[in-house]
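To start, the structure itself, in structure tokens.
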Amino acid sequence: MTQTLDNTQNAGQAVDPTAHDSGNKATDKFKAERVTADTSQERASAIYKDLLAAIAKVAHDHQVTYDEYRVLKQWMIDVGEYGEWPLWLDVFVEHEIEEIHYNRLNYTGTKGSIEGPYYVENAPELPAVCEMPMRDQDREATSLIFKGQVTDIDGNGLGGAKVELWHADEEGYYSQFAPGIPEWNLRGTIVTDEEGRYEITTLQPAPYQIPADGPTGWFIDSYGGHPWRPAHLHLRVTHPGHRSITTQLYFRGGEWVETDVATAVKPELILDPQPDGNGNNVVEYGFALDADKEN
């Protein structure tokens with residue numbers, strides 16, 4: 001299946017998204033979800049007590065000055081006003097929560113990674129063998145054929161599993177978070193065949209900078225870091241009765257793989273595509289889903 005997306009409004013124009021605009025879109029999306037957690041007062045009290053104690057220890061260990069404290073307060077206000085809390089937390093905190101979740105429930109299937117702030121639910125459904133929705137200009141990038149199988153941890157194929165795939169274009173921009181890109185560009189929900197297999201044609205994404213002209217970028221500058229993420233594919237894999245996997249897959253030898261600003265790269269999540277002689281890079285990667293231990 002081939003799907004082409006046109007964008008005549010901004011044809012030929014390169015419009016860079018700002019941290020402020022991208023952050024507000026990510027924040028609005030998160031606020032609309034209104035998530036809750038079944039946390040007792042006792043557990044909340046223990047977490048908050050330890051968190052405040054950890055902050056106090058850092059402040060005393062480093063003898064934080066009043067000016068430094070005021071800069072922190074000012075920066076936290078800026079993060080909120082720019083809508084960048086989803087970005088900052090996903091970059092610097094989420095990878096720890098994801099690892100805790102995997103280990104706490106003793107999962108043995110495919111490892112996950114951070115979701116990031118740019119997931120959008122209800123992407124159009126596509127058949128097991130398909131091409132991602134893309135513009136004609138996207139086809140000028142190197143083509144990537146990504147195929148594999150969704151199974152349980154015993155290797156049995158899971159027919160009808162859903163493989164949600166989204167990733168940035170060759171310029172590092174995501175649809176729905178950057179101007180001038182059609183709504184579902186490089187986003188899709190692929191439904192596996194009866195054996196759990198899929199074969200998806202898309203483009204090879206490029207490394208990109210997280211929005212760095214706002215307070216998240218200022219934070220990174222303050223300690224001499226960099227805002228780059230290595231090229232990656234985002235995936236969410238689901239099947240009834242099984243643990244859902246949200247992950248990112250990276251590319252062996254790619255720039256920034258060793259120094260990802262989000263520290264989300266794991267050895268198990270690195271792809272090694274090979275040319276097929278027809279101008280495509282081809283790679284196979286499967287997903288093994290544990291039984292759901294939370295329901």
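Points to keep in mind about this one:
- Selected residue (only one of 171, 199 is in contact (Cβ under 8 Å) with a residue 12 or more places away in the chain, of a type outside the set (A, V, I, L, M), assigned to a loop (DSSP other than H, G, I, E, B) and within 22 Å of residue 249 (Cβ to Cβ)): 171
- Any hit, region 257-273, residues being part of a strand (DSSP E or B) and at pLDDT 95 or above: yes
- Residue match in region 27-42 (condition: assigned to a helix (DSSP H, G or I), modelled with pLDDT of 95 or more, open to solvent by less than 40 Å² (accessible area, probe 1.4 Å) and over 30 Å from residue 203 (Cβ atoms)): no
- Inter-residue pairs, beta-carbon under 6 Å, first in contact (Cβ under 8 Å) with a residue 24 or more places away in the chain and in region 274-292, second among the acidic types (Asp, Glu) and not in a strand (DSSP E or B), 6+ apart: 282/276
- Selection over region 135-166 of residues that are assigned to a strand (DSSP E or B) and either more than 30 Å from residue 89 (Cα to Cα) or more than 19 Å from the chain's Cα centre (by Cα) (or both) gives a count of 10.
- Scanning region 223-237 for residues that are outside any loop (DSSP other than H, G, I, E, B) and open to solvent by 40 Å² or more (accessible area, probe 1.4 Å) yields a total of 2.
- Note on region 271-287: residues that are under 29 Å from residue 243 (Cβ atoms), over 19 Å from the mean Cα position of the chain (by Cα) and either surrounded by fewer than 18 Cβ atoms within 10 Å (Cβ to Cβ) or aliphatic (A, V, I, L, M) (or both) total 4.
- Test for residue 87: is it surrounded by 14 or more Cβ atoms within 10 Å (Cβ to Cβ), over 22 Å from residue 201 (Cβ atoms) and among the hydrophobic types (A, V, I, L, M, F, W, C): yes
- Failed item in (1) modelled with pLDDT under 95; (2) closer than 24 Å to residue 269 by Cβ; (3) in a helix (DSSP H, G or I), with residue 220 passing the rest: (1)
The values are calculated or read from the model by the stated rules, or taken from the named source; none is laboratory data. Predicted model, so just to flag it, every value in this text is computed and none were measured. We place every Cβ from the backbone using ideal geometry, glycine too, and count neighbours over all the protein chains shown. When the accessible area is computed, the model is the full protein with side chains, heavy atoms only, and any ligands, DNA or RNA have been set aside. Shrake-Rupley method; radii C 1.70, N 1.55, O 1.52, S 1.80 Å.
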